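The block underneath contains the structure these notes are about, expressed in structure tokens.
Derivation of every value follows stated rules applied to the coordinates shown; laboratory data play no part. Keep in mind that this is a model prediction, so the values were computed, not measured. Positions of Cβ are backbone-derived with ideal geometry, glycine not excepted, and every protein chain shown enters the neighbour counts.
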Ligand code: SAH
């Protein structure tokens, strides 16, 4: 028999949003009496309306601003490996249809019915990030379900994201199955790349830019390309493989350089791709200085400049500066791709920074495409603000 779950009650009038399909309740919406506060962080619980009516099963963390995260609106459900397995199976079948090769974001948290969980798939290796106390407690069940669904050779628990601290969790990287993962090969857009599943940034690879990389490579045939913040060459190496004349990748990370050059070699374009290990703004200033080199395609896909709300104003100006420094390097009629993965910077704010940066650089042009993350990064309809990636491709005069 399933043991009885603790109950968490919403305050009077606070059940409307949850009834409307929103997967979260915030701590100020919960009746935090002594019993509720005593529920261990990460517990499974029954979420109840003020009337006592059960609204669903949630994971609960009394210490987190997002206090409850809905797992299912069926209060009778049993959350076990079969439950999680059904969600995994659905996610796998969607990705197999959308992507076609087993290299994709398999689970994108709430939108795939597993709040707080990210899983990236690299063939028979999986990188899992668990970002809430609730899913941390369910990790053994999640691992069991992954095993039953996919029987992977390797599972890395890449639990090093800073948000874990807000949930009262430690940060650590653990190989949960198989030998230590290290560098592996992946296929994206028909090209080969290298990702380090234990040491790389985030899960080792940014699948969210897959479609944007293909679009940019499509306009880069015969072009001289500059890929700033290149990481492992996702944009630049694909552009080279698709017929760019030259590609210069810039990133400050030595590991990124090694991965990008390895990818260039794997795709037979190491004669076309070069890499400069440098700080981006300094490199852009240098390129725009005495050398005044021009590129037919310039890509700027930086890390999040805004990491918390108090840095919003200053951080957002980083995008303006980036555009001011990079736009002068775009040849007349050339293409300029810029992206922001700061979830606090919305599209209007980002677009405004891009506009200002172009103005500073005294360049005009037109927006050809405004895009977001690839299809394996779906968004829960009640959480549109979690669509963090914004990208614009412009042609400059
Ligand atoms: N465009 C990449 C992803 C970029 S992630 C892709 O398609 O996969 C951001 C990258 O910026 C990281 O590789 C990081 O090493 C690099 N980076 C961060 N700050 C930097 C700086 N100030 N100068 C140069 N590179 C930087």
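Placing pseudo-labels 7 Å out from each Cα toward the beta carbon at residue 397 and residue 32 gives an inter-label distance of 5.6 nm.
Taking the number of Cβ atoms within 10 Å of each Cβ as an exposure proxy, the fewest-first ranking of 249, 341 is 341, 249.
Calculate the length of the line joining the C-alpha centroid of segment 204-261 to that of segment 300-330, in whole Å. Going from one Cα centre to the other spans 19 Å. By definition, a body whose alpha carbon gyration tensor gives a ≥ b ≥ c is oblate when a/c is 1.5 or more and a/b is not larger than b/c, and segment 294-397 fits this oblate description. Once the Cβ-Cβ distance of residue 187 and residue 51 is raised to the sixth power relative to R0 = 51 Å, the FRET efficiency obtained is 0.45. For residue 94 paired with residue 331, estimate the spin-label separation in nm (one decimal), with each label point 7 Å from Cα along the Cα-to-Cβ line. The two pseudo-label positions are separated by 4.1 nm. Counting only C-alpha contacts under 8 Å and six or more residues apart, can you give the relative contact order of segment 135-251 as a whole percent? The normalised contact order for segment 135-251 reaches 16 percent. The ranking of 173, 117, 165 by Cβ neighbour count inside 10 Å, starting from the fewest, reads 165, 173, 117. Taking 0.36 nm per residue of separation and subtracting the Cα-Cα distance, full extension of the segment from residue 382 to residue 352 would add 8.2 nm. Each Cα pair under 8 Å and six or more residues apart adds its separation to the average, and for segment 192-396 the resulting relative contact order is 19 percent. Mean separation of Cα pairs under 8 Å and 6 or more residues apart, divided by the residue count, gives the chain a relative contact order of 10 percent. Ranked by the mean number of other Cβ atoms within 10 Å of their residues, highest first, the peptides 343-356, 193-206 come out as 193-206, 343-356. From least to most packed, judged by other beta carbons within 10 angstrom and beginning with the fewest, 241, 192 follow the order 192, 241.
When the chain is treated as a GNM with alpha-carbon contacts under 10 Å, the residue of 221, 286, 321 showing the greatest mean-square fluctuation is 286. Computed over the chain with a Gaussian network model linking Cα atoms closer than 10 Å, the most mobile of 45, 89, 374 is 89. Computed extension gain for residue 292 through residue 77, at 0.36 nm per residue and net of the alpha carbon distance, reaches 71.0 nm.
By DSSP, what percent of the beta bridges with both residues in the chain are antiparallel, rounded to the nearest 5?
Working: 48 of 74 bridges.
Within the chain, antiparallel bridges account for around 65 percent of the total.
FRET efficiency for the residue 313 to residue 201 pair, using the beta carbon distance and R₀ = 30 Å, is estimated at 0.70.
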